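Data block below; observations after.
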Amino acid sequence: MNSVDGKVAVITGGAAGIGKGIVKALLADGAKVVIGDIEATALDATVQELSSLGDVRGVVTDVSNPESVDALADFVYDTFGACHLLWSNAGVTSGGGGNPWDQEANDWRWCFGVNVFGTANCVLTFVPRMIAGGEEGVIVTTSSGDGGIAPVPYASVYASSKAAVSCFTEALAHQFVAQATKLRAVIFYPSGGLLDTGLWEAQRNRPAELARVKPRPPAPGTTFAEFREHLAQAGLPNDVVDLDELGRFALDGALSGKFIVSHGLDRAGALLTARANAIQEGDLPPSALEGLS
């Protein structure tokens, strides 16, 4: 599928941030878009704002809940009769950085519930219908180089969740080919600079039953401003990405036939080579932080 004109696209976490930029690109290219997002107020505002750009609908969706994703799929198929592009984009952090041993069970439950189980729920719900429809389609997952390429030691839970998303998407892509389906899978790594998205304030949507039991120990870079200042003081790049431009880049990449869509893959390749060499020797591989230096 090299065009979304007249096609039906579903994107989770599309009411703000990178997801909203992707929605704008989809509408500009003539897609009919259904946004699934957990924030009803933000979802309504985004649908109203973007309605002049094309056919865009919104369904309040908790991707960690299979029944909620089922309801999203039912709406899409009852309304349009098909889904041609599924973008599993919704994601959260575990609530800030820190030592791996300072993370709590609820940090794991919440982060993996949205990032990993959310991706799985979307695939389990939509892909069988997409295969049965017999049309070309693309499934895109939003992962992160912070885990998908190499771990970030102070974001161990988040990085682990994104590593799982990348591994799962690779398996999905291989099986689409092996089963001779008309579907293909794509991994999108948000990149190109610093990302000032709602991920930094994801705690606002954290369910009360998954709240932390103990106060979180102080950790540097728990807000976007703090993280950007930390990079600046370390002499590292800290330019902020235009999210609309990133959304356009992401969609163009997803339709290009590439499996991985990302800026800076040359640097990622060098880091992965260093990791492979270390693994071959039985040594500790370099982290994503070492890849930034």
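FYI, it's all coordinate maths here, none of it is from the lab. The structure presented is a predicted model; accordingly, all values stated were derived computationally and were not measured. No Cβ is skipped: glycine too gets one built from the backbone with ideal geometry, and neighbour counts run over all protein chains shown.
What to note about this one:
- On full extension, the segment bounded by Trp108 and Ala171 gains 20.4 nm, given 0.36 nm per residue less the C-alpha separation.
- Using a Förster distance of 30 Å, the FRET efficiency for Thr79-Ile131 (Cβ separation, nearest 0.05): 0.90
- Relative contact order for the chain, counting Cα pairs under 8 Å that sit 6 or more residues apart, in percent: 20
- This model, with +1 at the C-beta of Lys and Arg and -1 at the C-beta of Asp and Glu, gives the chain a dipole about its Cα centre of some 320 debye.
- Modelled spin-label separation between Gln280 and Ala211, with each label point placed 7 Å from Cα along the Cα-to-Cβ direction: 5.2 nm.
- Residue among Gly137, Gly91, Val23 farthest towards the positive dipole end of the chain, charges placed on Cβ: Gly137
- Cα-based Rg of the range 11-55 normalised by 2.2 N^0.38 Å, two decimals: 0.98
- Helical mean residue ellipticity (222 nm; -39500 (n - 2.57) per DSSP H run of 4+; nearest 500) of the chain: -15000 deg cm²/dmol
- Dipole axis of the range 100-209 (+1 Lys, Arg; -1 Asp, Glu on Cβ), positive-most option in Ala173, Ile149, Ala159: Ala173
- The phi torsions of the range 149-161, fed into the Karplus equation with coefficients 6.51, -1.76 and 1.60 and a -60° offset, translate into couplings of 9, 7, x, 9, x, 8, 10, 5, 6, 4, 4, 5, 5 Hz, rounded to whole numbers, with Gly and Pro shown as x.
- 21 Å Cα-Cα reach of Lys7 towards lysines, excluding residues that sit fewer than 8 places from it in its own chain: Lys20, Lys24, Lys32, Lys182, Lys258
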